[in-house]
Amino acid sequence: SALLFAYGITNAGKTYTMMGKGAYVGAKNKPKVNADSSGSTAHWGIVPRALQDIFTQMSQMQNKQQKYTLNLSYLEIYNEQIYDLLDANAGSRNKMATRNALKIREGRNGESFVKGLSKHEVKDV
């Protein structure tokens, strides 16, 4: 389990730092990050670089008869409200007013979680 957290004022560059140049929202509102036309990943942000490293490690470990899957959730806290950025039913990111805010809960084991946060299996960057 891992957590990446970016904090800062509006237009401070959080999305660029996390996703990098060329990040866009693709099919079903899921972020995609592509290499540039030369195949360079030099402008990738923290998230795609970390995912690439994780997939490299998973590939090496799977060669040793171990199998792994990677699941990803992506949320935003804006004006003290939590929003699922990968919720395909939420519509446009610009329509925050029409989105349902999620709530943080505590499970019986004492771990905190975001109720209703979607989780997606990831197979490549």
- Selection count where residues are among the hydroxyl-bearing types (Ser, Thr, Tyr) and over 21 Å from Val125 (Cβ atoms), scope the range 67-91: 2
- Residues satisfying the stated conditions in the range 67-84, i.e. over 19 Å from Ser112 (Cβ atoms), of a type outside the set (Ser, Thr, Tyr) and part of a loop (DSSP other than H, G, I, E, B): Lys67, Asn79
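Report whether or not Arg93 is modelled with pLDDT under 90 and open to solvent by less than 40 Å² (accessible area, probe 1.4 Å).
On the way: modelled with pLDDT under 90: yes; open to solvent by less than 40 Å² (accessible area, probe 1.4 Å): no.
So Arg93 fails the test.
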- Message: So, in the range 1-56, how many residues would count as being modelled with pLDDT of 85 or more, open to solvent by less than 40 Å² (accessible area, probe 1.4 Å) and not in a helix (DSSP H, G or I)?
- Response: 5
- Query: Which residues, counting only those in the range 96-107, are at pLDDT below 85 and open to solvent by 40 Å² or more (accessible area, probe 1.4 Å)?
  - Reply: Ala97, Thr98
- Task: Would you check if Tyr68 is among the aromatic types (Phe, Trp, Tyr) and at pLDDT 75 or above?
- Result: yes
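The values are calculated or read from the model by the stated rules, or taken from the named source; none is laboratory data. On a predicted model such as this, the values are computed, not experimentally measured, just so you know. Here Cβ is always computed from backbone atoms with ideal geometry, including for glycine, and neighbour counts include all displayed protein chains. Surface accessibility is based on the protein's heavy atoms, side chains included, excluding ligands, DNA and RNA. Shrake-Rupley method; radii C 1.70, N 1.55, O 1.52, S 1.80 Å.
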